[in-house]
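Below is one structure, written out as structure tokens, with a few remarks after it.
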Amino acid sequence: MPTTRGHFDLRRFARALDDHRHALRLRWIDVAEQTGVAQSILSRLAMISRQDDAGGAFLPSLENALALATWLKVSLEDFWQAA
């Protein structure tokens, strides 16, 4: 069975969220209300979006990532980096 190698580019995902939030002139609390994702998760993603690396081992749950991707109107696959 073939395997897919690579990783999820969390920093690029977090930056896309922050860029979209800015474009809509929203606060993170507004994003939390619109997506159902806890503000604490969004705060961690906001910090990651401003860092040079992905911030260690943090990853949002699949449920939260899907909710945020839906809000962005993109696929999570758009943030997959092949090895």
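Projected onto the charge dipole of the chain (+1 at Lys/Arg Cβ, -1 at Asp/Glu Cβ, origin at the Cα centre), which of 76, 62, 42 gives the Cα projection farthest towards the positive end?
Of the candidates, 42 comes out farthest on the positive side.
Any idea how far apart residue 43 and residue 29 come out in nm if each label point goes 7 Å out from Cα toward Cβ?
The answer from the label model is 1.3 nm.
In what order, largest first, do 31, 74 sit by accessible area if the probe radius is 1.4 Å?
74, 31
Residue 78 label point, 7 Å along Cα→Cβ, cut-off 16 Å on backbone N: hits in region 15-40?
Taking a point 7 Å out along Cα→Cβ of residue 78, the residues of region 15-40 whose backbone N falls under 16 Å are 15-24.
Is there a quick way to get the dipole size of the chain? I mean about its Cα centre, with the Cβ of Lys and Arg at +1 and of Asp and Glu at -1; what is the value in debye to the nearest 20?
Dipole of the chain, to the nearest 20 debye: 140 debye.
Give me the base-10 log of I(q)/I(0) for the chain at each q in 0.14, 0.16, 0.24, 0.26 Å⁻¹, Debye formula, one uniform scatterer per Cα, rounded to two decimals.
Treating every Cα as an identical point scatterer, log10 I(q)/I(0) equals -0.45, -0.58, -1.26, -1.47.
Keeping all protein chains in place, calculate the accessible area per residue for the chain (probe 1.4 angstrom), answer in Å².
Per-residue accessible area for the chain comes out at 67 Å².
The values are calculated or read from the model by the stated rules, or taken from the named source; none is laboratory data. Keep in mind that what you see is a predicted model, and the values were worked out from it rather than measured. Backbone-built Cβ (ideal geometry, glycine too); neighbour counts: all protein chains shown. Surface areas here come from the heavy atoms of the whole protein model, side chains and all, with no ligands, DNA or RNA. Shrake-Rupley method; radii C 1.70, N 1.55, O 1.52, S 1.80 Å.
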